[in-house]
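Values in this text are rule-based calculations from the coordinates and carry no lab data. Because the structure is predicted, anything quoted here is derived from the model rather than measured. Ideal geometry is used to build each Cβ from the backbone, glycine not excepted, and the neighbour counts take in all protein chains shown.
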Amino acid sequence: MTGQHALITGAGGGIGLAVTSAYLREGARCTAVDLRDAPSAELRALIEAHPDRLSYLAADVASNTSIAAMVAGARQRFGTITVLFNNAAVFDLAPLLEADERSYQHIFDVNVKGLFFAMQAVLTQMVADGVKGSVINLASQAGRRGEALVAHYCASKAAVISYTQSAALAMAPHGIRVNAISPGVVDTPMWAHVDALFAKAEGLQPGEKKKAVGLAVPLGRMGVPEDIAGAAVFLASAASSYITAQTLNVDGGNVMS
């Protein structure tokens, strides 16, 4: 990825942090984006190790004004964005008859609206600058099927898969590829929040849901962020130059397609 400029949203930890680290190892210049005003301790360590190839921007992808400032700031530091890893997302759950508008709005503002308009802004500058870049959207196995407690989140990730296909077709004449990655259950800091929500909804002990979903994976374990990072490098590189409009399952065999 030498010579590439990758913008990674939701880069403060978990999958976004692992992808940022992987892109740096492959020689890319990276703009790491997260909601917090200052980078996480892990990102600060990466910036100290790669001061000439990694910068941090605070942005809220639920705001189009913030997205515009994010793209402008990234371009000012490292030039045209050639790779977008569109990762920022939130999670919530509730029984279907209790799922409320506040939760719906928050999930769709970040996971759908934010993802789409971040993608649109980056694609606009790729087309304007004549760059044959790559966009990688983060979907989920939840976007492949419904779940009784997770209706809003599942629907939001199904929208990610659909937007990926539509954008790929729109951008194909420009030589720009748009794909998605669909992780299964991945052991990230976010899973403490997810596990707590399931424990409350299903009457489980803390950690019980996390253990159960890991054991249910055909490969016998939860994924780790580095599992997703390998796929993210592949889809950003010339090794995947004939792949577009696809959603790659990286889930230990949970979903077969």
**Report entry** Difference of contour (0.36 nm per residue) and Cα-Cα distance, Ala245 to Arg36
**Finding:** 72.1 nm
Query raised in the report: When the dipole is taken about the Cα centre of the chain, and only Lys, Arg (+1) and Asp, Glu (-1) are charged at their Cβ, what size is it in debye, to the nearest 20?
Result: 520 debye
Query raised in the report: What nm distance separates the two modelled labels at Ala148 and Asp109, each placed 7 Å from Cα along Cα→Cβ?
Result: 3.0 nm
Query raised in the report: Taking a point 7 angstrom from the Cα of Leu204 along the C-beta vector, which residues in the range 111-153 have backbone N less than 14 Å away?
Result: 148-150
Query raised in the report: Can you tell which of Leu248, Leu96, Ala142 lies farthest toward the positive end of the dipole of the chain, using +1 and -1 charges on the Cβ of basic and acidic side chains (Lys, Arg; Asp, Glu)?
Result: Leu248
Requested in this report: As a check on your grasp of the helix formula, calculate [θ] at 222 nm for the chain: sum -39500 (n - 2.57) over DSSP H runs of n ≥ 4, divide by the residue count, round to the nearest 500.
Outcome: -14000 deg cm²/dmol
Query raised in the report: So what's the angle, to the nearest 10 degrees on a 0 to 90 scale, between helix 64-78 and the longest Cα principal axis of the chain?
Result: 50 degrees
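Filter the trypsin sites (Lys or Arg not before Pro) in the range 21-97 to those in DSSP coil with at most 15 other Cβ atoms within 10 Å of their Cβ, and list the result.
Arg36
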**Report entry** Lys, Arg +1 and Asp, Glu -1 on Cβ, resulting dipole of the range 1-58 about Cα centre, debye, nearest 20
**Finding:** 80 debye
**Report entry** Loop-resident sites, the range 68-149, for GluC sites (Glu not before Pro), counting at most 15 other Cβ within 10 Å (DSSP)
**Finding:** Glu147
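Pairs to check: Lys157/Lys211; Lys157/Lys210; Lys113/Lys211; Lys113/Lys200. Give those whose C-alpha atoms are more than 25 Å from each other in this structure.
Where the Cα-Cα span goes over 25 Å, the pairs concerned are Lys113/Lys211; Lys113/Lys200.
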Query raised in the report: Which of Ala238, Ala58, Ala72 moves the most in a Gaussian network model of the chain with Cα springs under 10 Å?
Result: Ala238
